[in-house]
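Notes to accompany the following structure.
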């Protein structure tokens, strides 16, 4: 049978996510954390091309895969792909997702199902669509996608999403296992312990939040206990049963500021301390040498320049945070249950340390001071 065309792929048609092998870097070291679990495709991306054999040199012909030699210029168009209307020899992705062959057709699937744990069998997974993990995310591994559902636990792993995240098994970190969950939308999980949670919108915790660092862009809802940790939320924090502990485990509540900006400010302060130390060191070493006299003096000039830029950025952030204070009058810390002594509450610039046990109360601002008033739940509507 004569062949007149060749199907050139712009992805690996033989990629098998069940038989991944560590990649070896330039130092002959195997990277066991990045195995290339998924082949991402962006809408509009070229996936394949039909090429007439007459346009391929004789030398190149011998290297072509015989499986993709074609008699007719027919593109194997599958789900979520399209033929370029202007250049019909190209097959394009018609959605964000992962590309693979399905029943002989090039297909793009928008939802990635990981049928097990994220571990050394999968490596880290970075996906442009939505992801569902049917197992756990193990310590040291990271996943990133548009929206994410994890049906198991996140134990010392990192989960990042542009949209919402739901963790059916919870999130737990530890001394040597950093656990970070960050989303641009809402975050929902049953419990968290020694983890860092960041959400652009609201965080819902069905049971307990223990010794965690939390940044909620809108609200935080804890249906049982919040014990220990540093908690930031822009608007309202609701803790149903218990805030703090009888042993006064350090528990700090911050309300009224844009949580992501607070985090940026904290990171900037760390960098400013590092740069200030570096400038002091270079100044001591350089002495009174003229500029550009030595490598040290040049490093000193660069460090001073960077320090000035960071100081300007910090001032800009602080001005934005100061503008947030205009909204602090609507902030609330609501605890229908028990608040233990030792809990620290900040609303804007106002600060209060709880000095005795309270039950069924609301913390809010009044005349630039934090006051504690009885909590009166809104009656349920029967409409």
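Restrict the check to region 277-292 and report whether at least one residue is under 25 Å from residue 309 (Cβ atoms), at pLDDT 80 or above and surrounded by fewer than 16 Cβ atoms within 10 Å (Cβ to Cβ). Yes.
Residues checked against (1) crowded, with 21+ Cβ neighbours inside 10 Å; (2) modelled with pLDDT under 95:
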position: 97; (1), (2): yes, no
position: 126; (1), (2): no, no
position: 139; (1), (2): no, yes
position: 152; (1), (2): no, no
position: 166; (1), (2): no, no
position: 181; (1), (2): yes, no
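Screening the candidates 200, 228 for the property of being in contact (Cβ under 8 Å) with a residue 12 or more places away in the chain and under 24 Å from residue 329 (Cα atoms) yields one hit, 200. Scanning region 341-360 for residues that are in contact with a strand residue (DSSP E or B) (Cβ under 6 Å, 6 or more places away or on another chain) and closer than 21 Å to residue 234 by Cβ yields 343, 344, 345, 346, 347, 350, 352.
Quick one: count up the residues across region 168-179 that are surrounded by fewer than 18 Cβ atoms within 10 Å (Cβ to Cβ) and in a strand (DSSP E or B). Qualifying residue count, region 168-179: 0. The one condition from (1) within 14 Å of the chain's Cα centre (by Cα); (2) over 30 Å from residue 348 (Cα atoms); (3) surrounded by fewer than 24 Cβ atoms within 10 Å (Cβ to Cβ) that residue 198 does not meet is (2).
The values are calculated or read from the model by the stated rules, or taken from the named source; none is laboratory data. None of these values were measured; they are calculated from a predicted model. Heads up, the Cβs are rebuilt from the backbone with ideal geometry, glycines too, and the neighbour counts pull from every protein chain shown.
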